[in-house]
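Everything on this sheet refers to the single structure shown next.
The values are calculated or read from the model by the stated rules, or taken from the named source; none is laboratory data. Everything numeric in this text was worked out from a predicted model, so none of it was measured. Using ideal geometry, Cβ is built from the backbone for each residue, glycine included, and neighbour counts are taken over all protein chains shown. Heads up: the accessible areas ignore ligands, DNA and RNA and are worked out on the full protein's heavy atoms, side chains in. Shrake-Rupley method; radii C 1.70, N 1.55, O 1.52, S 1.80 Å.
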Amino acid sequence: MSMQPFLDAILSGASGEDIAAIPIPESYRAAHVLRSEQEMWAGVESEDKDPRKSLHVGEVPTPEIAPDEVYIAVMASSINFNTVWTSIFEPLPTFLFLDRLGKESVWAKRHAQDFHAVGSDAAAVIIRVGSAVRNWKVGDRVTVHCNYVDDQDPSSHDDSMLGANQRIWGFESNYGGLADLAVVKANQLMPMPTHLTWEEAAVNALCASTSYRMLVGRHAAQMKQGDNVFVWGATGGIGAYAVQLVLNGGGTPVGVVSSENRVKLLQAMGCENVIDRRAEGYQFWADEHTQDEGEWRRLGKKVRSLIGDDPDIVFEHPGRSTMGASVFIAKRGGTVVTCAATSGYMLEFDNRHLWMKLKRIVSSHFANYQEAWNMNRLIDQGRIHPVMSAVYSLDQVGEAANVVHKNQAEGKLGVLCLAPEAGLGIQDPEKRERIGEDRITLFQRHARGELA
Ligand code: NAP
């Protein structure tokens, strides 16, 4: 394995100086899709597109690093829904993003390749720093957030998510985290939480930061203590962090899931108000073109029966299947905050319910560096926990992406990249004990059937 010397050095506790003396290999192992296969799913329905066929694991050439970038040895990463989108080439093949990026500058040109090395999360060790990197050094253990911004663009200096050419690393850029090595900008780096394993540390940044911005940051719903927050997909990637943020911030979550098994998990998280959407049989769409307002009302009544009120905030991401209901059930003056549209992005809602009751729909997308940093700090403080239910090896990345594509996993799936086994990387075992193994591993224990 081309990265073996780095792995040996990291496992043996080598100094940053020793790590910096190891040569960077000319190629490395990465999960990637191929430009030559971007038409492979023509005519196939979304649900039948199989990431196991399009996600390959193999050597890709190592690019140079720009002065403001670092190479990281990736110990672990995670599956995000964007890797599912890349692997099924929907809504667009991501090579379009890479080609557009490639035109921006000499350094950006490196990204436009016939392979796309994917992945937007990582827990890693820095193995080289570019000449302009100031705050980080070789040997530092880090997590990586995926906001990829051009710091010379004035539009990214109020809120970097407003940057005209803001991108998501490993989705709209190349050399992502599902690999043994990755290239990241120094302003994507955050200190690795010291009580977590590599894989526990790797699963948080993308989903947790997204939920933080949607609920807590000043750019979206701005949840207050006491708010009632309705969360779709409450044991999913972003939903499970949303539930924790609501509980941590003094609010009341109402969590929606689709099985008895997930109801139990949600209750174990401390969410007392739970709706099993499958058991309740909600059918918001009577047919492909018509929504059923009676079903919205039935959901609204259910929420009132649980919390005695309408939600101040609806945490929305399923999109077409739920948006009509989300707008309807939000409280007068309340907020629907949306970051996605998994079931379809052409949304429909009854505008009368929006304007007559003075509701707002607020958009949100990932998080700026400050928001991601604040979220990482909450995790490091042990106030918010990883929601990792299972761990895969990098060679199984297609399988793991397929599980997420099919909505078969709770929380997040970790992926071991260089880390030879799960359970390594904890820097502060006493802190882990103080915070509580049970809380940190709740989703894993649930997946193993160990919750009472
Ligand atoms: P996930 O782990 O698959 O969880 C999504 C959850 O949504 C599932 O657990 C499922 O829960 C629920 N769900 C799925 N389809 C549904 C439907 N038709 N109606 C109601 N609930 C449904 O995915 P994730 O990581 O949380 O991501 C969710 C979406 O957000 C994806 O589209 C992703 O691309 C997007 N996202 C966007 C950003 C951003 O920055 N804009 C960041 C992260 C994720 P139940 O079946 O249990 O109800």
>> Against the conditions (1) crowded, with 16+ Cβ neighbours inside 10 Å; (2) within 25 Å of Ala108 (Cα to Cα), where does Gly58 fall short? Just the number, please.
In response: (1)
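Every residue in segment 313-365 that is assigned to a helix (DSSP H, G or I) and either closer than 17 Å to Asp292 by Cα or within 14 Å of the ligand (Cβ to nearest atom) (or both), please.
Met323, Gly324, Ala325, Ser326, Val327, Phe328, Ile329, Asn351, Arg352, His353, Leu354 - these are the residues of segment 313-365 that are assigned to a helix (DSSP H, G or I) and either closer than 17 Å to Asp292 by Cα or within 14 Å of the ligand (Cβ to nearest atom) (or both).
Within segment 61-81, how many residues turn out to be within 16 Å of the ligand (Cβ to nearest atom) and within 14 Å of Asp180 (Cα to Cα)? Please lay out each step first, then the result.
Taking segment 61-81 as the starting set, the residues that turn out to be within 16 Å of the ligand (Cβ to nearest atom) are 77-81.
Add one more test, that the residue is within 14 Å of Asp180 (Cα to Cα), and what stays is 77-78.
Matching residues across segment 61-81 total 2.
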> Somewhere in segment 158-170, is a residue within 14 Å of the ligand (Cβ to nearest atom), under 17 Å from His32 (Cβ atoms) and in a loop (DSSP other than H, G, I, E, B)?
Replying inline: yes
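Is it the case that some residue within segment 321-333 is open to solvent by 30 Å² or more (accessible area, probe 1.4 Å) and within 30 Å of Ser54 (Cβ to Cβ)? Break it down into steps so the answer makes sense when it comes.
Looking only at segment 321-333, we keep the residues that are open to solvent by 30 Å² or more (accessible area, probe 1.4 Å), and these are 321, 328, 331-333.
Add one more test, that the residue is within 30 Å of Ser54 (Cβ to Cβ), and what stays is 321.
Yes, that holds for at least one residue.
Can you confirm whether segment 285-301 contains a residue that is open to solvent by less than 20 Å² (accessible area, probe 1.4 Å) and under 20 Å from Asp227 (Cβ atoms)? First the steps, then the outcome.
Our first condition is that a residue be open to solvent by less than 20 Å² (accessible area, probe 1.4 Å); within segment 285-301, this holds for 296, 299-300.
Those still in the list that are under 20 Å from Asp227 (Cβ atoms) too: 299-300.
Yes, because at least one residue in segment 285-301 is open to solvent by less than 20 Å² (accessible area, probe 1.4 Å) and under 20 Å from Asp227 (Cβ atoms).
So, of the residues in segment 386-441 that are among the charged types (D, E, K, R), within 16 Å of the ligand (Cβ to nearest atom) and assigned to a loop (DSSP other than H, G, I, E, B), which turns out to be most open to solvent (accessible area, probe 1.4 Å)? Quick ask: steps written out before the conclusion?
Of the residues in segment 386-441, the ones among the charged types (D, E, K, R) are 395, 399, 406, 410, 412, 421, 428, 430-434, 437-439.
Now drop any that are not within 16 Å of the ligand (Cβ to nearest atom), which leaves 399, 406, 410, 412.
When the remaining residues are screened for being assigned to a loop (DSSP other than H, G, I, E, B), the result is 406, 410.
Working: Lys406: 80, Glu410: 24 Å².
Applying the filter and picking the extreme gives Lys406.
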> Asn407: outside the structural domain of Leu442 (by TED's automatic domain parsing) and out of contact with any strand residue (DSSP E or B) (no Cβ under 6 Å at 6 or more places or on another chain), yes or no?
Replying inline: no
> How many residues, within segment 37-51, are closer than 18 Å to Ala400 by Cβ and either open to solvent by 50 Å² or more (accessible area, probe 1.4 Å) or in contact with a Pro (Cβ under 8 Å, 6 or more places away or on another chain) (or both)?
Replying inline: 1
> From Val125, Val106, Val74, which residue is surrounded by fewer than 17 Cβ atoms within 10 Å (Cβ to Cβ) and of a type in the set (Val, Ile, Thr)?
Replying inline: Val106
> Taking Glu200 and the conditions (1) crowded, with 24+ Cβ neighbours inside 10 Å; (2) part of a loop (DSSP other than H, G, I, E, B); (3) charged (D, E, K, R), which numbered condition does it fall short on, given that it satisfies the others?
Replying inline: (2)
